[in-house]
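**Q** Take a look at the following structure, please.
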Amino acid sequence: MAKSTHSAIVDPRNENVKIYINGTFHSRENAQISVFDSGFLVGDGIWEGLRLHNGKFAFLDKHMDRLFAGASAIHLDIGLSREELIGALLETIEINEMTDDVHVRLMITRGDKKTPSQHPSNVVGGPNIVIIAEHKVADPSISQEGITLFTVTVRRPPPDTLDQRLNCHSKLHEVIALVQAIEAGADEALMLDPTGAVATCNATNFFIVKNGQVWTSTGEYCLNGITRELVIEISRKNGIEAFEKPFSLTDVYSADEAFVTGTFGGLTPVTKVDGRTIADGKIGSVTLLLQGLYKEAINDEVSK
């Protein structure tokens, strides 16, 4: 896999994981969804990425809140209660004998259609629920050495086009952005909002550090990331001023530090943006401090 915030150490155990599909488990090679699935046909679905630490899902309530809010927003009946869905997650890690360093992708689509179309009336039966749990340890070199970004031409759309707070299956604009960044020689993409302010990256939330303050976007044009929220929270709790505000590439190029956040990689430093080295090109002291505080927050969460 190319260098990215999702770079992981290869684990041969993943060849034998059992994948949950609508209440039953399948081997990796036999895990299949119909070609008439709404997610495959039109990107109609929602998902969550979760981490398992010491036998517990970190910040599970926050992930479930976001998932069910997203389902309600797109008028999707999940078909399972919150408790039943959590039960399916726990069953998946139990059958795979997993306890730590696990990444789980929970995906829910509107279900199979009787014919290829957008219309929800063509759904046959209930939603499709898939849970893929894998043994995944983030490549430790990435969290220290960092990644490079390239500002792409693809903008984050406004809420009346596709609300970016929805963690939905419609990710083509992000893929196009990532491809453009890779072709430009960077690891991942930095995306602007419709006003020209910095919004987010293709798959992570973006932060800069200026004069000891932590800045991130307004949140109007990016996923309401769980890790993003936690970084703002732990910053303020530990005496670091944190702001959600509009800022430009001028602020990015002159930043003291930059980093991105996500459930899998946690906090990852950014060393270059558009070929411009951020400060000295190394992980900064605030980023390093927040990495440690974030790990403490995870440990506190799973020890409850």
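**Q** Out of (1) assigned by TED's automatic domain parsing to the domain that holds ILE33; (2) crowded, with 19+ Cβ neighbours inside 10 Å, what's the single condition that is false for HIS119?
**A** Here HIS119 meets the rest and fails (2).
**Q** Continuing with the same structure: Give me the residue from the range 230-262 that is surrounded by 17 or more Cβ atoms within 10 Å (Cβ to Cβ) and part of a helix (DSSP H, G or I) and, out of that set, farthest from the chain's Cα centre (by Cα).
**A** VAL252
**Q** Has the range 46-55 got at least one residue that is among the β-branched types (Val, Ile, Thr) and not assigned by TED's automatic domain parsing to the domain that holds ILE226? Even if it seems obvious, please write down each step before you answer.
**A** Within the range 46-55, the subset among the β-branched types (Val, Ile, Thr) is 46.
After this cut, where a residue has to be not assigned by TED's automatic domain parsing to the domain that holds ILE226 as well, the list is 46.
Within the range 46-55, one or more residues are among the β-branched types (Val, Ile, Thr) and not assigned by TED's automatic domain parsing to the domain that holds ILE226.
**Q** Taking the condition of being more than 23 Å from the chain's Cα centre (by Cα) and either assigned by TED's automatic domain parsing to the domain that holds GLY265 or in a strand (DSSP E or B) (or both), how many residues in the range 29-43 meet it?
**A** Total meeting the criteria: 0.
**Q** Same structure, new question: What are the pairs, 6+ residues apart or on separate chains, where a residue within the range 148-159 that is touching a residue at least 60 places away in the same chain (Cβ under 8 Å) has its Cβ under 7 Å from a residue that is aliphatic (A, V, I, L, M) and surrounded by fewer than 20 Cβ atoms within 10 Å (Cβ to Cβ)?
**A** PHE150/ALA184; THR151/LEU249
**Q** GLY70 versus (1) buried (at least 17 other Cβ atoms within 10 Å of the Cβ); (2) closer than 22 Å to GLY265 by Cα: which is the lone unmet condition?
**A** (2)
**Q** Quick one: in the range 197-229, of everything that is of a type in the set (D, E, K, R) and part of a helix (DSSP H, G or I), which residue is surrounded by the most Cβ atoms within 10 Å (Cβ to Cβ)? It would help to see each step written out before you state the result.
**A** Let us first name the residues in the range 197-229 that are of a type in the set (D, E, K, R), namely 210, 220, 228-229.
From what is left, the residues that are part of a helix (DSSP H, G or I) are 228-229.
On the way: ARG228: 23, GLU229: 16.
Checking each candidate, the answer is ARG228.
**Q** Quick check on the range 8-28: of everything there that is in contact (Cβ under 8 Å) with a residue 60 or more places away in the chain and part of a helix (DSSP H, G or I), which residue is surrounded by the most Cβ atoms within 10 Å (Cβ to Cβ)? Quick ask: steps written out before the conclusion?
**A** Step one: list which residues in the range 8-28 are in contact (Cβ under 8 Å) with a residue 60 or more places away in the chain, which gives 8-9, 11, 13-14, 17-23, 25.
Keeping just the survivors that are part of a helix (DSSP H, G or I) gives 13-14.
Numbers: ARG13: 11, ASN14: 15.
Residue satisfying both the conditions and the ranking: ASN14.
**Q** Counting only residues that are surrounded by fewer than 18 Cβ atoms within 10 Å (Cβ to Cβ) and touching a residue at least 60 places away in the same chain (Cβ under 8 Å), how many does the range 73-106 have?
**A** Looking only at that region, the number is 5.
**Q** Go through the range 178-217 and report how many residues are among the aliphatic types (A, V, I, L, M) and touching a Gly at 6+ places or on another chain (Cβ under 8 Å). Steps first, please.
**A** We begin by selecting, within the range 178-217, every residue among the aliphatic types (A, V, I, L, M); these are 178-179, 181-182, 184, 186, 189-192, 197-199, 203, 208-209, 214.
Keeping just the survivors that are touching a Gly at 6+ places or on another chain (Cβ under 8 Å) gives 203, 209.
Residues in the range 178-217 being among the aliphatic types (A, V, I, L, M) and touching a Gly at 6+ places or on another chain (Cβ under 8 Å): 2 in total.
**Q** Considering each residue of the range 143-196, count those that are surrounded by 15 or more Cβ atoms within 10 Å (Cβ to Cβ) and over 24 Å from PHE40 (Cβ atoms), and give that number.
**A** Summing the residues that are surrounded by 15 or more Cβ atoms within 10 Å (Cβ to Cβ) and over 24 Å from PHE40 (Cβ atoms) in the range 143-196 gives 23.
**Q** State all residues of the range 50-87 that are among the small types (Gly, Ala, Ser) and in contact with a Leu (Cβ under 7 Å, 6 or more places away or on another chain); if no residue qualifies, say none.
**A** GLY70, ALA73
The values are calculated or read from the model by the stated rules, or taken from the named source; none is laboratory data. These numbers come from a predicted model, not from an experiment. No Cβ is skipped: glycine too gets one built from the backbone with ideal geometry, and neighbour counts run over all protein chains shown.
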